[in-house]
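Below: the structure, in structure tokens.
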Amino acid sequence: MFESLVQTWEEMLRTGEHGQRLIDHHPLRLYFGSDAGSRPLFFLITASKPQIPEMSSAVTVDRGERHDGSWTIVLTLQDKLLAPAFIGMCLEMVRRSANVTDESLALSQFFSALNQLRSLLDLKPKHRLSLEQLRGLAAEVWFATHVLFDSSAPSDVLVAWQGPYGAPQDFRLASGQMFEVKALHAGARAFDVSSVEQLDPTTKGTLALAAVVLEDASSATSGTFTLLTVLETFRTALIGDRKSLEGLDHRLSALGVETNDDFYANHHFIVSGVRFFDVTNEFPRLLREDVPLALENVTYRVRLAGISQLEVGRDVVGLGKREVKA
């Protein structure tokens, strides 16, 4: 719904346009744009005096009272190299606070999302993923190129890949189908859910859990891949589409991944299968309406044995073959 603002915002920054634009069709008065120094900024106008959020050193936070008695919170990015992560973070805050009509509840969801997402801007120039994070990212990119490419155009899959920007679900297709990808060992008995929103989306649509059975492997094993080789598959599919190729690089930048780091070339993986679970009302999960507002950063674990009856085929989660025009 709000993806077009990313394109507009990036164009403003590219051309050096100075100004702010209101985000339409949202319960809060939110603006995006750039300051006189072409630095990305994002601000909120609210009737009540807001809290001052804690941010990284890459972002300045200014709170002020307006002549009409309303208040502003302005976030200004100081490090332009972090613009993709900053824009993605702001977009996700917009999304998570969009589907309510009450301003106070929208504000609560807005600041809750900010608290969860601000770590995106704490990336250091030489950031390296942990092995567990690498497994998760490798599973996501493999799922994009080896599963979603079968039913959607590569450029559409890239747009759908919102996980690097802090979205609760890894992929959100234009059809409304969402996928949360989990990298699991063959003998795994459970998986972790990192937030309430991950299995209780704040946006309309259907959600499926994709459990990619991913094992560490030797480079000599047939059928293995690394993060770099599967990323090259993604790049090859986007050849000729400059904007999409830049979008792929933006996502890697938001994740803090430097592809010239040998760490990513030296870890090989192999996939033995994918299991799909339809996340419906029968799926055991926490719902936002059942979690007190005073609780933040809620995580929990789901046993696979408890959801085996909810396993479905690819066709049930909208993964048919796409038509490719000659």
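Each value in this text was obtained by applying a stated rule to the coordinates, not by laboratory testing. None of the values given here were measured: they were computed from a predicted structure. Heads up, the Cβs are rebuilt from the backbone with ideal geometry, glycines too, and the neighbour counts pull from every protein chain shown.
Expected output is a single nm value to one decimal: the length gained when fully extending between Lys49 and Asp216, i.e. 0.36 nm times separation in residues minus the C-alpha distance. What is it? Spell out each step's value before the answer.
Working: separation 167, 0.36 × 167 = 60.12 nm, distance 5.11 nm.
So the chain would gain 55.0 nm between Lys49 and Asp216.
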Q | Other-chain or far-sequence residues with amide H under 5 Å of Lys182's (modelled H) | A | Ala210, Ala211, Val212
Q) So what J values fall out for segment 200-215 if you push phi through Karplus, 6.51 cos²θ - 1.76 cosθ + 1.60 with θ = phi - 60°, rounded to Hz, Gly and Pro as x? A) 9, x, 8, 10, 6, x, 10, 10, 10, 9, 10, 9, 8, 7, 10, 10
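With N set to the residue count of segment 91-235, report its C-alpha Rg divided by 2.2 N^0.38 Å to two decimal places. Walk me through the numbers on the way to the answer.
Numbers: Rg = 16.5 Å, N = 145, 2.2 N^0.38 = 14.6 Å.
Normalised by 2.2 N^0.38 Å, the Cα Rg of segment 91-235 equals 1.13.
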Q) Based solely on its DSSP helices, what 222 nm [θ] is calculated for the chain when runs of n ≥ 4 H residues each add -39,500 (n - 2.57) and the sum is averaged over all residues, nearest 500 deg cm²/dmol? A) -9000 deg cm²/dmol
Q.
Counting C-alpha atoms alone, how compact is the chain: give Rg to one decimal and Dmax as a whole number, in angstrom.
A. 20.2, 69
Q | Considering only the chain, percent of DSSP beta bridges that pair antiparallel, nearest 5 | A | 85 percent
**Q.** Residues of segment 92-118 with amide N under 14 Å of the 7 Å Cα→Cβ point at His25
**A.** 95, 98-100
**Q.** Stretchable slack from Phe263 to Arg189, in nm (0.36 nm times residue separation minus alpha-carbon distance)
**A.** 23.8 nm
**Q.** Estimated inter-spin distance, Ser155 and Ser38, nm [label 7 Å along Cα→Cβ]
**A.** 2.6 nm
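Among Ser108, Ser152, what is the fewest-to-most ranking by other Cβ atoms within 10 Å? Please list the in-between numbers first.
Details: Ser108 14, Ser152 22.
Least to most surrounded, the residues fall as Ser108, Ser152.
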(Q) At a 10 Å Cβ-Cβ cut-off, how would you order Phe42, Phe191, fewest neighbours first? (A) Phe191, Phe42
